[in-house]
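One structure is given below, encoded as structure tokens.
The values are calculated or read from the model by the stated rules, or taken from the named source; none is laboratory data. This structure is a prediction, so every number in the text was calculated from the model and none was measured. Backbone-built Cβ (ideal geometry, glycine too); neighbour counts: all protein chains shown.
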Amino acid sequence: MIDPIIPTRHDTGLGRFYEHEGIMKPSATNVINVVAKDKYYEKWLADFGGYRMVQNYVKEAADRGTRTHVNAEALQAGLEVYTEGMARDEILMVMAFQEWVHTVKPKFIASEIAMYHPDYPVAGTADIVCTIKDQLFLIDIKTGGNYDVHELQLTAYGRLYELIYGKKPAISVLKLSVSKGRPKYEAIRMGYLDEALAHAIGLWNWKNPNRPAPPKPRIELPKVIKLDKEFINVEEPKEPDEATT
């Protein structure tokens, strides 16, 4: 157990990294991208209708997932989520989260908790840490498909939490979706796959031998910009000499 480190998150050409004191660690989600999700996902990509259409869809799905995460975090903080202007599916996903809370009755400990440990090769952000019936859980919210690689992601998060806080949590995915026009949630318990994760990290390191350097800090912008006096022309401008025109 150590004092929690608050890392700085960077999105780079090699994906997301977390940095502390100049040391960059890839995010767990970045690393697991070296593993194919499954054959059905690959078939879906092939049948979708082209690379550009896939990229547009994936971006829209990611944006929808981000908004759902933000709304779930707001509810945990005791805030209200106003639905005017929201897409119907997004409202139903937030309702699914509300239904899970009211049914399961978790006791929230933390949300969106960034985790970085000097002795662990990856970093990441956990969506929810809570207790359910006195058992400690680390939960990741998903608004898309359920894939095997999520178990690797949760393994990394669980081990990070254990290293930092000294307690090993049960790990789970909370899938929020819409089924037949109604909100639906599914809690999927995961197991720790340390060996498989170690192989994925090794493969990612092999494919990415050069880590990005930490970005240089942004310069402070001055409130006033002026020239030194020696460069200022204090004389009145003269009319040009007619003989030289």
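Tell me yes or no: at least one residue of the range 228-236 is assigned to a loop (DSSP other than H, G, I, E, B), within 51 Å of the chain's Cα centre (by Cα) and either exposed (fewer than 10 other Cβ atoms within 10 Å of the Cβ) or at pLDDT 90 or above (or both). Can you show your working first?
If we filter the range 228-236 for residues that are assigned to a loop (DSSP other than H, G, I, E, B), which is where we start, we get 228, 232-236.
Add one more test, that the residue is within 51 Å of the chain's Cα centre (by Cα), and what stays is 228, 232.
If we keep only those that are either exposed (fewer than 10 other Cβ atoms within 10 Å of the Cβ) or at pLDDT 90 or above (or both) too, we end up with 228, 232.
For the range 228-236, residues assigned to a loop (DSSP other than H, G, I, E, B), within 51 Å of the chain's Cα centre (by Cα) and either exposed (fewer than 10 other Cβ atoms within 10 Å of the Cβ) or at pLDDT 90 or above (or both): present.
Enumerate the pairs (first residue in the range 2-20 and on the phi > 0 side of the Ramachandran plot; second residue anywhere and surrounded by 15 or more Cβ atoms within 10 Å (Cβ to Cβ)) with beta-carbon separation below 6 Å, excluding pairs fewer than 6 apart on the same chain, so at least 6 apart or on different chains.
Gly15/Asn30
Here are some conditions: (1) surrounded by 20 or more Cβ atoms within 10 Å (Cβ to Cβ); (2) in contact with a helix residue (DSSP H, G or I) (Cβ under 7 Å, 6 or more places away or on another chain); (3) without any contact (Cβ under 8 Å) to a residue 60 or more places away in the chain. Gly158 meets all but one. Which one does it not meet?
The failed condition is (2).
With the range 76-147 as the region, which strands (runs of 3 or more DSSP E) entirely inside it contain at least 2 residues that are of a type outside the set (A, V, I, L, M) and touching a residue at least 40 places away in the same chain (Cβ under 8 Å)?
Numbers: elements: 107-115, 124-132, 135-142.
Hits in the range 76-147: 124-132.
Since Cys130 meets every condition but one in (1) more than 25 Å from Glu90 (Cα to Cα); (2) surrounded by 20 or more Cβ atoms within 10 Å (Cβ to Cβ); (3) in contact with a Lys or Arg (Cβ under 7 Å, 6 or more places away or on another chain); (4) not basic (Lys, Arg), which condition does it not meet?
Of (1) more than 25 Å from Glu90 (Cα to Cα); (2) surrounded by 20 or more Cβ atoms within 10 Å (Cβ to Cβ); (3) in contact with a Lys or Arg (Cβ under 7 Å, 6 or more places away or on another chain); (4) not basic (Lys, Arg), only one is false for Cys130: (1).
Against the conditions (1) out of contact with any strand residue (DSSP E or B) (no Cβ under 6 Å at 6 or more places or on another chain); (2) farther than 16 Å from Asn30 by Cβ; (3) of a type in the set (Ser, Thr, Tyr), where does Thr155 fall short? Just the number, please.
(2)
For the structure I just gave you, tell me whether Leu197 is part of a helix (DSSP H, G or I), crowded, with 17+ Cβ neighbours inside 10 Å and either modelled with pLDDT under 95 or not small (Gly, Ala, Ser) (or both).
The answer is yes for Leu197.
Name the residues in the range 203-221 that are closer than 23 Å to Tyr147 by Cα and surrounded by 13 or more Cβ atoms within 10 Å (Cβ to Cβ), would you? Even if it seems obvious, please write down each step before you answer.
Filtering the range 203-221 down to residues closer than 23 Å to Tyr147 by Cα leaves 203-205, 207.
Of everything in the range 203-221, those that are closer than 23 Å to Tyr147 by Cα and surrounded by 13 or more Cβ atoms within 10 Å (Cβ to Cβ) turn out to be Leu203, Trp204, Asn205.
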